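Undergrad: Quick one: this structure, given as structure tokens, is what I'll be asking you about.
The values are calculated or read from the model by the stated rules, or taken from the named source; none is laboratory data. Keep in mind the model is a prediction, meaning the values are calculated, not measured. When we count neighbours, we look across all protein chains shown, and the Cβ atoms used for this are built from the backbone with ideal geometry, even at glycine. Keep in mind that these areas ignore ligands, DNA and RNA; they rest on the heavy atoms of the full protein, side chains included. Shrake-Rupley method; radii C 1.70, N 1.55, O 1.52, S 1.80 Å.
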Amino acid sequence: MTDLTSIKDHVILVAGGASGIGYEIAKYLVSVGAIVVATDKNAEGLASLDKEVQSKNLHTKVVDFLNDQDIADLIQYIEVEIGPLKGVINCVGILGQRGILSEEIDMENFDLVYKVNLRSALVLSIEAIKVMKPRKYGRILQLASISGKEGNPGLVAYSVTKAGMIAMVKSQGKEYAESGITINALAPALIATPMVASFTEEQRNFLKDKIPMNRIGDPIEVATLAAWIVSPACSFTTGFAFDLTGGRATY
Ligand SMILES: NC(=O)c1ccc[n+]([C@@H]2O[C@H](COP(=O)([O-])OP(=O)(O)OC[C@H]3O[C@@H](n4cnc5c(N)ncnc54)[C@H](O)[C@@H]3O)[C@@H](O)[C@H]2O)c1
């Protein structure tokens with residue numbers, strides 16, 4: 001019987017692959033036989049990934065997701081140079097200002113968080129859909145957050161963009177439901193990455209205490225679920241925000 005969970009030789013773009021969750025996902029996908037294109041604005045992080053993975057199945061490309069055209073060019077580069085794009089996992093994200101009340105928000109920072117976390121995710125999905133649609137197959141997965149489902153104090157800009165991302169995949173999932181492309185989000189609670197290392201001890205404990213399993217998640221726990229969501233096996237779920245919160249969210 002065909003192993004529908006196999007993504008061997010599938011070309012999969014991992015955006016935000018230079019650090020944390022994206023780095024782990026890129027590593028894991030290569031280990032299960034996928035052809036991975038890891039992209040990020042952080043060239044150093046991509047070079048470390050390359051050095052660690054050492055595989056002809058890993059390609060890296062420096063791209064700043066603040067530039068729409070560069071995102072479009074990235075998709076074209078993959079199609080021409082690597083092969084037909086089957087999956088996209090978008091892990092690009094920033095926290096922006098944290099630990100502040102709404103009245104202290106710097107609107108320029110809000111705009112930056114919006115552009116990096118949500119606008120670029122929309123542009124990326126549009127460019128991926130364009131090339132996937134004629135082939136009637138594709139998997140798009142956006143890294144959202146529990147913040148987008150429940151909100152987190154002191155993180156309004158971040159939470160708003162993650163809620164927007166969840167609404168985006170719900171809308172797009174319905175738009176493209178009959179296209180062969182599934183469009184989902186993954187909403188983790190706290191995962192041990194450099195992003196979380198930037199929290200204060202107090203902020204980290206506040207968020208950890210909300211997790212019934214009483215621990216922080218490991219990036220590999222994101223990678224294994226993400227690999228399944230972008231596999232042919234995950235064919236009857238679209239427009240959904242998968243939970244990964246150690247029991248914090250039950251929806
Ligand atoms: N770590 C967590 O606890 C957690 C929880 C829920 C959701 N998430 C989400 O998962 C994703 C990955 O988070 P992480 O913890 O691995 O963070 P991280 O900071 O380790 O990785 C984020 C990556 O995005 C890249 N990036 C930022 N701005 C960019 C830009 N303009 N262009 C291209 N790349 C850019 C960074 O260089 C970095 O490599 C993010 O979307 C984050 O919001 C993380």
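Undergrad: So if the hydrodynamic radius of segment 11-243 is defined as the Kirkwood radius over C-alpha pairs, what does Stokes-Einstein give as its diffusion coefficient at 20 °C and 1.002 mPa s, in µm² per second? Intermediate results must be reported in sequence, preceding the final value.
TA: Values: Rh = 17.7 Å.
Approximately 121 µm²/s, per Stokes-Einstein.
Undergrad: Now a separate question. Enter the accessible area of residue 250 (Å², nearest 10), with the probe set to 1.4 Å and all protein chains included.
TA: Per-residue accessible area (residue 250): approximately 130 Å².
Undergrad: Leaving ligands and nucleic acids out of the surface, order 150, 24 by accessible area at 1.4 Å, largest first. If you can, show how the numbers build up before the last one.
TA: Values: 150 85, 24 40 Å².
Largest accessible area first, the residues go 150, 24.
Undergrad: Does segment 1-89 come out rounded, prolate or oblate by the C-alpha gyration tensor, with a ≥ b ≥ c the root eigenvalues, rounded set by a/c under 1.5 and, if not, prolate when a/b is larger than b/c and oblate if not? Can you show the working numbers first?
TA: Details: a/c = 1.97, a/b = 1.29, b/c = 1.53.
Note, shape of segment 1-89 comes out oblate.
Undergrad: Let me have the 222 nm mean residue ellipticity of the chain computed from DSSP H runs of 4+ only, each contributing -39500 (n - 2.57), with the sum over all residues rounded to the nearest 500.
TA: One gets -12000 deg cm²/dmol as the mean residue ellipticity at 222 nm.
Undergrad: Hey, can you find the accessible area per residue of the chain for me, probe 1.4 Å, expressed in square angstrom?
TA: Details: 11630 Å² over 251 residues.
Using a 1.4 Å probe on heavy atoms only, each residue of the chain averages 46 Å².
Undergrad: Using DSSP to call loops (not H, G, I, E or B), can you name the chymotrypsin sites (Phe, Trp or Tyr not before Pro) in segment 26-95 whose Cβ has at most 12 other Cβ atoms within 10 angstrom?
TA: none
Undergrad: Could you please put 101, 118 in sequence from largest to smallest accessible area, using a 1.4 Å probe?
TA: Values: 101 105, 118 30 Å².
Final ranking, largest accessible area leading: 101, 118.
Undergrad: What's the longest bit of the chain with no exposed trypsin sites (Lys or Arg not before Pro), using DSSP loop states and at most 12 other Cβ atoms within 10 Å as the test?
TA: Values: sites that count: 8, 56, 136, 215.
Longest stretch, sites excluded: 57-135.
Undergrad: Test of understanding: in a Gaussian network model of the chain with alpha carbons linked when under 10 Å, which of 17, 45, 138 would top the mean-square fluctuation ranking?
TA: Comparing 17, 45, 138 in the GNM, the peak value goes to 45.
Undergrad: Return the whole-Å distance between the Cα centroid of segment 60-86 and the Cα centroid of segment 200-246.
TA: Computed from Cα coordinates, the inter-centre distance equals 26 Å.
Undergrad: Please report the relative contact order for segment 11-243, taking Cα pairs under 8 Å with a sequence separation of at least 6, and give it as a percent rounded to a whole number. Could you put the intermediate results ahead of the total?
TA: Values: 441 pairs, mean separation 48.9, N = 233.
Answer for segment 11-243 is 21 percent.
Undergrad: Next question. Restricting attention to segment 158-251, which GluC sites (Glu not before Pro) occupy a DSSP loop and are surrounded by at most 13 other Cβ atoms within 10 Å?
TA: Details: sites: 175, 178, 201, 202, 221; in loops: 178.
Of the GluC sites (Glu not before Pro), the ones in loops of segment 158-251 whose Cβ has at most 13 other Cβ atoms within 10 Å are 178.
Undergrad: Select from segment 217-247 those chymotrypsin sites (Phe, Trp or Tyr not before Pro) which occupy a DSSP coil region and have at most 13 other Cβ atoms within 10 Å, ordered by residue number.
TA: Working: sites: 228, 236, 240, 242; in loops: 236, 240.
Sites meeting the loop and neighbour criteria: 236.
Undergrad: Roughly to the nearest percent, how much of the accessible area of the chain is carbon and sulfur, given a 1.4 Å probe? Can you show the working numbers first?
TA: Values: 6240 of 11630 Å².
Taking all protein chains in place, the chain shows 54 percent carbon and sulfur surface.
Undergrad: Further question: Test of understanding: in a Gaussian network model of the chain with alpha carbons linked when under 10 Å, which of 87, 217, 16 would top the mean-square fluctuation ranking?
TA: Of 87, 217, 16, the most mobile in the Gaussian network model is 217.
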